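What follows draws every value from the coordinates through simple rules; no lab data is involved. The model shown is predicted, which means the values in this text are computed figures rather than measured ones.
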C-alpha cells in the first residue's frame, strides 16, 4: 500500500493539532524551582522564585501555624489562578533552630494536578519537636523533580 505525501502530511498535521488541543487544557511550568520559607518566628514568607510562570499561576494563601504536642504544624492553601489545569510537584524540608536539615532522608516530591481556579489545603508537621523549627516549601514542575 502506497501513501502519498499529502496523506502522510495530513496525518501528521492532525496529530499535531490533537496534541495542541489536549495540551491547551493543561499548564506544566518548566524551569527552576520556587522556594518559600517560613517558621522560626518569621512573619512573612521568604520567596525565591526561579520559575516565573509557576510563581504567576500558583499562589500560596493563608499560611497559619500552631503547635500540637510540641510539634509545629503549618497549613497553607495552594491556589491555581488560571483557568487551565496546573501540574506541579511540592516537597518540604524542615530545619532546626541552628539551620540544620532534620528530614534529609524523608524529602519526597508529591505531584499535583490542580484544576483551573482550584485550590488545595496543605498541612505539614515538623518531624521533630520544638517551636523554633523552620520549613522550606519547594515547588517545581513534575518533570524536574530533584
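For the stretch 26-144, taking the reciprocal of the average inverse distance between every pair of different Cα atoms yields a Kirkwood hydrodynamic radius of 14.6 Å. Were the residues from residue 107 through residue 69 laid out at 0.36 nm apart, the gain over their Cα-Cα distance would be 11.5 nm. If the chain linking residue 132 and residue 117 were pulled fully straight, counting 0.36 nm for each residue of separation and taking away their Cα-Cα distance, it would gain 2.0 nm.
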